[in-house]
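Presented below is the structure to which this report refers.
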Amino acid sequence: MRYFESRVIANQRVADDIFVLQVERNSAEVAAGQFYMLKSWDKELTLMRPVSVFKADESVLWFMYRVVGSGTSRISALMPGDKMRLLGPCGNGYPCDALKGRIAVVGGGLGIPPLCETAKTLKARGATVDAYLGFRDALFAVEDFEPHCENIFISTEKGEEGYRGFITDLLSPENYDTVITCGPEVMMRKVASMCAMTDTRCYCSLEHRMACGIGACLGCSIRTKSGMRRVCKDGPVFLSSELEW
Amino acid sequence: MDKNVTLSVEIAGVPFKNPLVAASGTFGFGGEYDELYDVGCLGGISSKGLTLHPKDGNEGIRVWETASGMMNSVGLQNPGIDEFIDTGIAQMRQFGNVLIANMGGHSMEDYVAGAAKLSNADIDMLELNISCPNVKSGGMAFGIKAEVAREVVKAVRDVCHKPLIVKLSPNAENIVDMAMACEDAGADALSLVNTFQAMAIDIHKRKPVFNNVYAGLSGAAIKPIALRMVHAVCQKVRVPVFGMGGVYTAEDVLEFVMAGATAVQIGTVNFNNPLAGRDILDALVRLCQQEGISNISEVRGVC
Ligand SMILES: Cc1cc2nc3c(=O)[nH]c(=O)nc-3n(C[C@H](O)[C@H](O)[C@H](O)COP(=O)(O)OP(=O)(O)OC[C@H]3O[C@@H](n4cnc5c(N)ncnc54)[C@H](O)[C@@H]3O)c2cc1C
Ligand SMILES: Cc1cc2nc3c(=O)[nH]c(=O)nc-3n(C[C@H](O)[C@H](O)[C@H](O)COP(=O)(O)O)c2cc1C
Ligand code: FES
């Protein structure tokens, strides 16, 4: 993990309020499911912002983010060549090396992008991956999943594209050895309870407000079956059977 | 141009190689930040706030950004004093700087029992956080009324053979009276300020952000008030003072020293810049050179 300055390569709008940021990597090997703390300000905002790795190669990091407030709107104004600061890679990613067989990645909203690097890594390790992607209305990132997935299922809330309704309606956990989910907590809870019924191993990637991002402040602690855990350091990926939902 | 600047200071007989100390609760036991830079470059580290028994801390949102600062309601999550003595001390010792054990408590008995244990452990100083709510007096913090604080400090002083720092709450009825009562009760040093009691509301949910309704405000927003409090206290006490509250830069460090502080603690800034400890220290050397300060103690209390 490092705290470093990096240069913006590109920062493009891909849907209404969703952007893809590319920056020079300048940091260690990145595992699927890890995140970075980002900032493009000095002291004007107090805290850095946690954003998951969407894609990574030897020299570039991609982040896909939705503009929701002061920090993400500042980040969205970055132009190619601008400098920004990153802290990471933070947290534990998915244990991709240990995951074999048929795997479903189930994402909702801005929980979708982090699953892209995950699908890629799993496929490279020999697993077969199906993606279940639930969108509000406009689609994004779907083509990024295509090279890594056997099947891709899509839903939108009003049915503009794909299935009309919730993505969990399409999922049958018993068809998979492992289910990996990232997205709104209600969706992950639903996935986790479906998996519990079929005894399917399920990993969830949690979101929590963070200050330090490295495990020092205990601002992101959650209660788990094995005691208090820090989402930033001990997670953000947890086995659903560990969570106290 | 290589003018030497002396930054070392002494507090209650304990030598600090420089006056920068990581503030309790923002720096864990130092290990996480040590992955990013050698935290041994700091004068000292104040541990995460410890309690006699392990604590899980508060439910719900714990950190919240505010204009020029943040609020927190971590609720003293910590592994307990026994676990700290078994593993935390060894971790902090490897940094080679001053090891300050910060301790909280919710009853007089807990404070005394905890202090007795820590006093016999391999720590350099004990920092007594009296901002904690006292369960026996309806949750009002020990650090509000000077007479209540005096009792706790006296009782802890009786069992503590290590240099004792008392950390004051800015929510005290009268911070100067509080400081004098703690000095009188046997404190070897004071540190101030802890966080200001504050509030945030989620207008969409029409509810307070924090489960405990109120939470502690820190960061740049509190600096001018913290500076005033440090200044006022330093006029009236003889014991050395650790100043803190919104220290973000080397200039801020000098302001607190000029207000009378012997050393300075940095908290929230670590979240804004994880290398803040090292960066502020480097900048402080350059700033002293520019300002013609050869020993930081020259400017202590000049205001
Ligand atoms: C591990 C992790 C990975 C994430 N990955 C992504 C991602 O890949 N893409 C994406 O669009 N978003 C992601 N998020 C959510 C993202 O961090 C927030 O949307 C962002 O911090 C909002 O900042 P803001 O200043 O625009 O909003 P504001 O509301 O102005 O932020 C105020 C404060 O609240 C915090 N905050 C607000 N919303 C959230 C949230 N949902 N989660 C955590 N903190 C929040 C901010 O960090 C900041 O400290 C992730 C969050 C976590 C914890
Ligand atoms: C997340 C967080 C946790 C804290 N935990 C403690 C604690 O356990 N004990 C304590 O004495 N002070 C604690 N504090 C207070 C700080 O040590 C410091 O007094 C205060 O934040 C003011 O300094 P700052 O503005 O530089 O942060 C905490 C502050 C923050 C932001
Ligand atoms: S954000 Fe500080 S411990 Fe997780």
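The values are calculated or read from the model by the stated rules, or taken from the named source; none is laboratory data. Everything numeric in this text was worked out from a predicted model, so none of it was measured. Cβ atoms come from the backbone with ideal geometry, glycine included; neighbour counts cover every protein chain shown. Note: areas computed on protein heavy atoms with side chains; ligands, DNA, RNA excluded. Shrake-Rupley method; radii C 1.70, N 1.55, O 1.52, S 1.80 Å.
If the cut-off is 20 Å between C-alpha atoms, which lysines fall inside it for A:K39, apart from same-chain ones fewer than 8 positions away? Candidates past the 8-residue exclusion: A:K55, A:K83, A:K233. With the simple spin-label model, which puts each label point 7 Å out from Cα in the Cβ direction, the B:A90 to A:E242 separation comes to 2.4 nm. Comparing A:P173, A:P114, A:P80 in a Gaussian network model of chain A, where Cα atoms under 10 Å apart are tied by springs, the biggest mean-square fluctuation is seen for A:P80.
Inter-part distance, region A:170-245 to region A:80-153, computed on C-alpha centroids, equals 16 Å. The accessible surface of the protein assembly as shown, taken with every protein chain in place and a 1.4 Å probe, is 48 percent carbon and sulfur.
Under the shape rule built on the C-alpha gyration tensor, where the axes satisfy a ≥ b ≥ c, region A:96-205 is oblate, since a/c reaches at least 1.5 while a/b does not exceed b/c. Taking the longest Cα principal axis of chain A as reference, the axis of helix A:185-198 is set at about 30 degrees. Determine the sum of side-chain charges near A:S40: Lys and Arg each +1, Asp and Glu each -1, restricted to other residues whose C-beta is under 9 angstrom from that of A:S40. So the surrounding residues net to +3. What you get for region A:2-90, charging only the Cβ of Lys and Arg (+1) and of Asp and Glu (-1), is a dipole of about 180 debye around the Cα centre.
Spatially, region A:9-42 and region B:252-303 are offset by 34 Å when compared through their Cα centroids. Taking each DSSP H run with n ≥ 4 as -39500 (n - 2.57) and averaging over every residue of chain A yields -4000 deg cm²/dmol at 222 nm. Within the listed set B:I100, B:I144, B:I61, the Gaussian network model of chain B (springs between alpha-carbon atoms below 10 Å) gives the highest mean-square fluctuation for B:I61. For region A:44-61, heavy-atom accessible area (probe 1.4 Å) falls by no less than 40 Å² from the chain alone to the full protein assembly at A:T46, A:L47.
Which pairs break 28 Å Cα to Cα here: B:K167/B:K207; A:K190/A:K225; B:K17/B:K145? Table pairs above 28 Å Cα-Cα are B:K167/B:K207; B:K17/B:K145. For the pair A:N151 and A:Q12, a Förster radius of 22 Å applied to the C-beta separation gives a FRET efficiency near 0.20, rounded to the nearest 0.05. Taking a ≥ b ≥ c as the square roots of the eigenvalues of the Cα gyration tensor, an a/c ratio below 1.5 marks chain B as rounded. How much net charge surrounds B:N272 when only the other residues with a Cβ under 11 Å from the Cβ of B:N272 are counted, with Lys and Arg +1 and Asp and Glu -1? Local charge sum for B:N272: -1.
A Cα-only calculation for region B:125-244 places Rg and Dmax at 15.3, 52 Å.
Around A:K100, with a cut-off of 13 angstrom between Cβ atoms, what is the net charge of the other residues, counting Lys and Arg +1 and Asp and Glu -1? Taking every Cβ under 13 Å from that of A:K100, the sum is +2. Remark: region B:80-87, residue by residue, has Karplus-estimated 3J(HN,Hα) of x, 5, 4, 5, 4, 5, 6, 10 Hz, where x stands for each Gly or Pro and the curve is 6.51 cos²θ - 1.76 cosθ + 1.60 at θ = phi - 60°. Rolling a 1.4 Å probe over the heavy atoms of the protein chains gives the protein assembly as shown an accessible area of 40 Å² per residue. Phi angles across region A:2-12 convert, under the Karplus curve 6.51 cos²θ - 1.76 cosθ + 1.60 with θ = phi - 60°, into 3J(HN,Hα) values of 9, 10, 8, 8, 9, 9, 6, 8, 7, 8, 10 Hz, Gly and Pro given as x. Once the Cα atoms are used to define both axes, helix A:114-124 deviates from the longest principal axis of chain A by about 60 degrees.
Excluding ligands, DNA and RNA and using a 1.4 Å probe, chains A and B jointly bury around 2500 Å² of accessible surface, summed across both partners.
For region B:106-140 versus region B:1-51, the spacing of their alpha-carbon centroids is 22 Å. For region A:1-151, the relative contact order works out to 26 percent when only alpha carbon pairs closer than 8 Å and six or more residues apart are counted.
Suppose every K and R has +1 on its Cβ and every D and E has -1 on its Cβ; what is the size of the dipole of chain A about the Cα centre, in Debye to the nearest 20? List each step's numbers first, then the result.
On the way: 29 positive and 30 negative charges, 168 e Å.
Dipole size: approximately 800 debye.
Rounded to the nearest 20 debye, the dipole magnitude of region A:157-245 is 440 debye, with +1 charges on Lys and Arg beta carbons, -1 on Asp and Glu beta carbons, and the Cα centre as origin.
For region B:11-63, the alpha carbon positions stretch 39, 29, 17 Å along the principal axes, listed from largest to smallest.
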